[in-house]
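These notes are about the structure you will find just below.
Coordinate-derived values only; no laboratory data. This is a predicted model, so every value here is computed, not measured. FYI the Cβ positions are ideal-geometry reconstructions off the backbone, even for glycines, and counts take in every protein chain you see.
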Amino acid sequence: MISLKDTPSLSDHFSVTDEELERLQERLFLLQRRSFDKEIAHIFIIEGWSSSGKGELLKTLTVRLDPKKFKVHSPDLQTSEDNAFPFLWKFWQILPRFGESLFYLNSYYGKMIYLLAKKKIKKKEYEENLKYILHMEAMLSLEKVRFHKFFFHLNPKEQKRRFSESKKENRNWELSAYDKDQFKHYSAYRRLFKECLSDSHTEFSPWTIIEADDLDKAKTKLLLSLIESLESILETDSALELGLLKNGAANI
């Protein structure tokens, strides 16, 4: 069962210097390179509350990566055109090649939650769509594709503070209808998020919940969690590899 606490917090263990953060990003680059060599593809799902800093967190992940080996897909959650196609059509259009990575910013999970919250689909449709999603993730996992799903949790007080800040700075353009609806109906969305995360947390495609009240600490936990997962998949030690590379360069 997935838990979404009212007042999440990250320990000081996740406080690092800029230099340490850059070192983690270097390790992630090495793991990207190792994935390419082994022809293992990765799909990263970036989900979470409105104003949780998903875009900034995504930038933290990708800033050091080889841009030729990853894509970011951020489709609109709902358009009139969607009614003419199956639920997952937007997401089937873009998949990573073996050895490359795909980052979903606005995924099929966010779309499903939004439609359910706005009563545009019924519970039965939600359950059917969830089956399609899990079947798709399971099918791709049988190939050389690995899923990494992250949900960035934000308590209501911090979300309200960030919304107010956006209004004061005339940055309302950053907020979509989905964002504003989350803010107005926090409790209802938390229930839906918890249910969806629990229903879609599987052995081959698990969720990692990251508290996003402190964005700097969230960046560190995101990198550490992802590095640990990738090292397990690729059977490598990126810290050791980075150390050897740096020592080798120093001896030249």
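Below, the figures for the structure above:
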quantity: 222 nm mean residue ellipticity, helices alone, for the chain (DSSP H n ≥ 4; -39,500 (n - 2.57); rounded to 500); calculated: -17000 deg cm²/dmol
quantity: Cα Rg over Rh - the chain, Kirkwood; calculated: 0.97
quantity: Computed lengthening from Ser225 to Lys120, 0.36 nm per intervening residue step minus Cα-Cα distance; calculated: 34.3 nm
quantity: The range 161-204: Rg to Rh, with Rh as the Kirkwood radius over Cα pairs; calculated: 1.16
quantity: GNM flexibility winner over the chain from Ile46, Ile233, Ile209 (Cα, springs under 10 Å); calculated: Ile233
quantity: Global form of the range 106-149, assessed from the alpha-carbon gyration tensor, a/c cut-off 1.5; calculated: oblate
quantity: Chymotrypsin sites (Phe, Trp or Tyr not before Pro) within the range 153-235: DSSP coil, no more than 16 neighbouring Cβ in 10 Å; calculated: Phe204
quantity: Karplus 3J(HN,Hα) series, Hz, for the range 205-218 with 6.51 cos²θ - 1.76 cosθ + 1.60 (x for Gly, Pro); calculated: 8, x, 9, 10, 8, 10, 6, 10, 4, 10, 5, 5, 5, 5
quantity: Equivalent ellipsoid, the range 91-176 (semi-axes from 5 times Cα gyration tensor eigenvalues, Å); calculated: 30, 19, 12
quantity: For the range 87-130: Kirkwood Rh in Å [reciprocal of mean 1/r, alpha carbons]; calculated: 11.8
quantity: Entries of Lys68/Lys217; Lys38/Lys194; Lys68/Lys194; Lys69/Lys90; Lys59/Lys168 with Cα pairs more than 30 Å apart; calculated: Lys38/Lys194; Lys68/Lys194
quantity: Between helix 18-38 and the chain: long-axis angle, C-alpha atoms, 0 to 90°, nearest 10; calculated: 90
quantity: Rounded, prolate or oblate (a/c below 1.5 giving rounded, otherwise prolate when a/b exceeds b/c) for the range 196-252 by Cα gyration tensor; calculated: oblate
quantity: Angle in degrees between helix 108-117 and the longest Cα principal axis of the chain, rounded to the nearest 10; calculated: 20
quantity: For the chain, size of Cβ-based charge dipole, Lys and Arg +1, Asp and Glu -1, in debye; calculated: 920
quantity: Dimensions (Å) - the range 129-252, Cα atoms, principal axes, largest first; calculated: 56, 40, 21
quantity: On Cα atoms only, tilt of 238-251 relative to the major axis of the chain in degrees; calculated: 40
